[in-house]
Amino acid sequence: MENTAPAKKIMLSGIQPSGDLHLGNYLGAIKNWVERTEEFDNYYFMADMHTITVRQTPADLRRRTLQQLAQYIACGLDPQKNTLFIQSHVHEHAELGWILQCYTMYGELSRMTQFKDKSQKHSENINAGLFTYPSLMAADILLYQADYVPVGEDQKQHCELTRDIAIRFNNIYGNVFKVPEPYIQKVGARIMSLGNPSSKMSKSDPNGCVFLLEKPDDIMRKFKKAVTDSDTENCVRFAPSEKPGVANLMGIYSSITGKSYEEIENEFAGKGYGAFKPAVGEAVVETLRPIQEETARILADKAYLENVYKEGAEKASYLARKTLRKVYKKVGFVER
Ligand code: TYM
């Protein structure tokens, strides 16, 4: 019988293997990917080309890239249902990245908050790649004609620039690119540092950051020490501007357990932070336990991992090639 099911929409995203994956990456991005597996045609990659905008130790980058792939799978991304690949294995990213740099404006790139933050943090190495990074990210997305890009809140600006680049290109050359939409969930899109709830959780602040492969005791210690608030109310109540630390912990707990803020308030009514903080820690430890075990098991099987990323690159290249061929023709390159 003929297959008449409509084609699934395409979902695509990536994470830089510039550090170990943390709870922000998991709750802001990966968990969302896993939950949407059946609904979409999925492409997820290790954004290794992006990481060299900041100096990396080569052996660490290689190890973290493979570890990140093992973690994607351990978090629930089935390689049979998701195309998992390493960005640098599909050379079309670099090629379309160059072309899109010629359709991205200097002013646009100068407004990117990630560029401003990173050029402050790495003032000794403000290289051209750090500046044009969003054009490469646009290429990552547009190569696959992605409909949705599931990311955390901090990547929204880059996704919006991708849309602007796609629209600009399409206005000149006709309908070449699908104009993608960011796919950002309500809870978990911006996990804050446990030590400083006014800045986002990030690997550059290891005390406020919970890594997916961290030992349970260390995770519990970080949650017990988490900053709550300076008032004396000692009451679990969702009030982000008054109590950002408590709101952040409630967001983490809600994202993991699926409970609403009201349910959480009721659960901890009269119990105070002394009971709440370890309860959030335990929920995180129990979520991460099977992921940690699975990661160790997968990492031990090098042949399996190699098979996954090779097949992934082959499938990804098929789509990427198609788009790049069209782009080359449109901009006027002679066919070879
Ligand atoms: P990266 O590697 O910084 O982060 C990966 C994903 O994790 C999300 N995230 C967070 N979500 C919630 N709370 C946090 N504290 C938190 N920290 C990180 C990010 O929003 C992101 O979804 N430029 C991208 C990588 C990239 C990409 C792409 C993404 C390259 N090409 C194409 C999508 C599509 C980046 O640096 O994310």
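The values are calculated or read from the model by the stated rules, or taken from the named source; none is laboratory data. Here the structure is a predicted model, which means the values were calculated and not measured. Here the Cβ positions follow ideal geometry from the backbone for every residue, glycine too, while neighbour counts run over all protein chains shown. Quick note on the areas: whole protein, heavy atoms, side chains included, nothing else; ligands and nucleic acids left out. Shrake-Rupley method; radii C 1.70, N 1.55, O 1.52, S 1.80 Å.
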The simple spin-label model distance between residue 289 and residue 275, using points 7 Å out along Cα→Cβ, in nm, is 2.2 nm
For the chain, set up a Gaussian network in which alpha carbons nearer than 10 Å are linked by springs, and say which option among 135, 255, 123 fluctuates the most.
123
So the carbon and sulfur contribution to the accessible area of the stretch 1-153, 1.4 Å probe, in percent, is 53 percent
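Using a 1.4 Å probe, what is the accessible area per residue for the stretch 214-296, in Å²?
50 Å²
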Under a point-charge model restricted to the Cβ atoms of Lys and Arg (+1) and Asp and Glu (-1), what is the dipole moment magnitude of the chain relative to its Cα centre, in debye to the nearest 20?
840 debye
Simple SL model, points at 7 angstrom along Cα→Cβ for residue 168 and residue 225; separation in nm is 4.5 nm
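Using the Cα gyration tensor of the stretch 277-336, with a ≥ b ≥ c the square roots of its eigenvalues, what is the shape: rounded (a/c below 1.5), prolate (a/b larger than b/c) or oblate (neither)?
oblate
Run through the stretch 207-261 and list the trypsin sites (Lys or Arg not before Pro) located in a DSSP loop whose Cβ has at most 14 other Cβ atoms within 10 Å.
Sites meeting the loop and neighbour criteria: 225.
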Kindly flag which residue pairs out of 200/225; 203/225; 178/203; 203/271 have an alpha-carbon separation exceeding 23 Å in this structure.
178/203; 203/271
Can you pull out the GluC sites (Glu not before Pro) in the stretch 44-137 that DSSP calls coil and that have at most 11 other Cβ atoms within 10 Å?
124
From the Cα trace of the stretch 214-296, what convex hull volume per residue do you get, rounded to a whole Å³?
86 Å³
Which sequence of 211, 45 reflects their accessible areas, 1.4 Å probe, from the largest down?
211, 45
Out of all DSSP beta bridges with both ends in the chain, state the antiparallel percent to the nearest 5.
10 percent
Rounded D (µm²/s) - the chain, Kirkwood Rh over Cα pairs, Stokes-Einstein at 4 °C, 1.567 mPa s
61 µm²/s
Can you list residues from other chains, or at least 5 along the same chain, whose modelled amide H is less than 5 Å from the amide H of residue 41?
9, 10, 11
Residue-normalised 222 nm signal for the chain, counting each DSSP H run of n ≥ 4 as -39,500 (n - 2.57), nearest 500 deg cm²/dmol, is -16000 deg cm²/dmol
Spin-label pair residue 54/residue 259, simplified geometry with 7 Å Cα→Cβ offset, distance in nm:
3.4 nm
Once all protein chains are kept in place, residue 218 shows an accessible area at probe 1.4 Å, nearest 10 Å², of 50 Å²
